[in-house]
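I have placed the structure first, in the form of structure tokens, so that the comments after it can refer back to it.
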There are 2 protein chains.
Amino acid sequence: MSFKLDHRLEQDGILLAESEQYVLNLVNDSRYIWLVLIPKATNAKDMFDLTEEQQIDLALKSNKIGRIITEQFKGDKFNIASLGNMVPQLHVHLIVRTVGDAAWPGPIWGVGDAVPYDSPQREKVIDKLRAVVNLIS
Amino acid sequence: MSFKLDHRLEQDGILLAESEQYVLNLVNDSRYIWLVLIPKATNAKDMFDLTEEQQIDLALKSNKIGRIITEQFKGDKFNIASLGNMVPQLHVHLIVRTVGDAAWPGPIWGVGDAVPYDSPQREKVIDKLRAVVNLIS
């Protein structure tokens, strides 16, 4: 069975990179640097549905991305989470948190409404995410 | 420098297991099966502060625990997250989610007040967590 990205992930995200193993999206909410990494593992709903090899690769990739984006955007804390109560397709949130951001110090989900990027903002952020894109591509 | 558990993690948790590498707590909130795994890595604030070896072990252990508790407590979804915006000491939330639980389908943080276990409930849950305790001890 071939991999098909959940339509809600597709709708909320700006595609940053795609490889044989992953899709990497930028969430279209300019209040945070918020990435979503989706392993192309058909039928994986929970982390433990992945093979150990896939679990290891996902953890190391997520943390590498976390380090890059936290440094690049001068974040105070890196948040990483796989919840998936609404979108069952396994996906990992990678979020740069900054003291005083729209949800600080709480989690970001369900707080206010997304503020979509305007075009120049989006280009600027995507440009700063080049190292992350290279990691996945 | 020796490892010292953050006082808020200590205060909110019931110690389940401790090894050379980890402390595993059960959060004292009977609304969810909610565990917190803390790597004894002094000075680690973010996942990427751990060595790759530690990152791999933490990911595999977290997911193994996730599989056991989700099966044992007949959960619908496993939530895993490292946020740490309030408690900077690196810790991983491992939560069994059930359709219709107190926060479903949203994340559990900041929803209502914790409902502490009474003593028989606590004993029963801890008894069911024996396989997880053995994994860490």
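Distance between the 7 Å Cα→Cβ label points at B:Glu18 and B:Glu123: 2.4 nm.
Angle of helix B:52-72 to the longest C-alpha principal axis of chain B, folded into 0 to 90 degrees and rounded to 10: 10°. Against chain A, whose longest principal axis comes from its Cα atoms, helix A:119-128 is set at around 60 degrees. Of the residues A:Gln89, A:Val27, A:Asn43, the one whose Cα sits farthest toward the positive end of the charge dipole of region A:1-111, with +1 on the Cβ of Lys and Arg and -1 on the Cβ of Asp and Glu, is A:Val27.
Principal axis extents of the C-alpha atoms in region B:7-136 (largest first, rounded to whole Å): 37, 29, 27.
Mean per-residue shielding of peptide A:60-66 is 4, counting Cβ atoms of other chains within 10 Å of each Cβ. The length gained by stretching the chain between A:Thr42 and A:Ala102 to full extension, at 0.36 nm per residue less their Cα-Cα distance, is 18.2 nm. When chain B is treated as a Gaussian network with alpha carbon springs shorter than 10 Å, the biggest mean-square fluctuation among B:Glu71, B:Glu18, B:Glu53 belongs to B:Glu53.
Centre-to-centre, using Cα atoms only, region A:17-33 and region B:29-89 are separated by 23 Å.
Full extension of the chain between B:Asn28 and B:Thr51 yields a length gain of 5.2 nm, computed as 0.36 nm times the residue separation minus the alpha carbon distance.
Cross-link partners of A:Lys74 among lysines, defined as those whose alpha carbon lies under 29 angstrom from its own and excluding same-chain residues fewer than eight positions apart: A:Lys61, A:Lys64, A:Lys124, A:Lys128, B:Lys4, B:Lys40, B:Lys45.
Taking each residue in A:74-82, count the Cβ atoms of any other chain within 10 Å of its Cβ, then average. What number comes out?
Values: counts 0, 1, 4, 8, 8, 7, 9, 8, 7.
Across A:74-82, the average partner-chain Cβ count within 10 Å equals 6.
Values quoted throughout were computed directly from the atomic coordinates according to the rules given, and no laboratory measurement underlies them. Not measured: the values here are computed from a predicted model. Note that each Cβ is placed from the backbone with ideal geometry, even for glycine, and that neighbours are counted across all protein chains shown.
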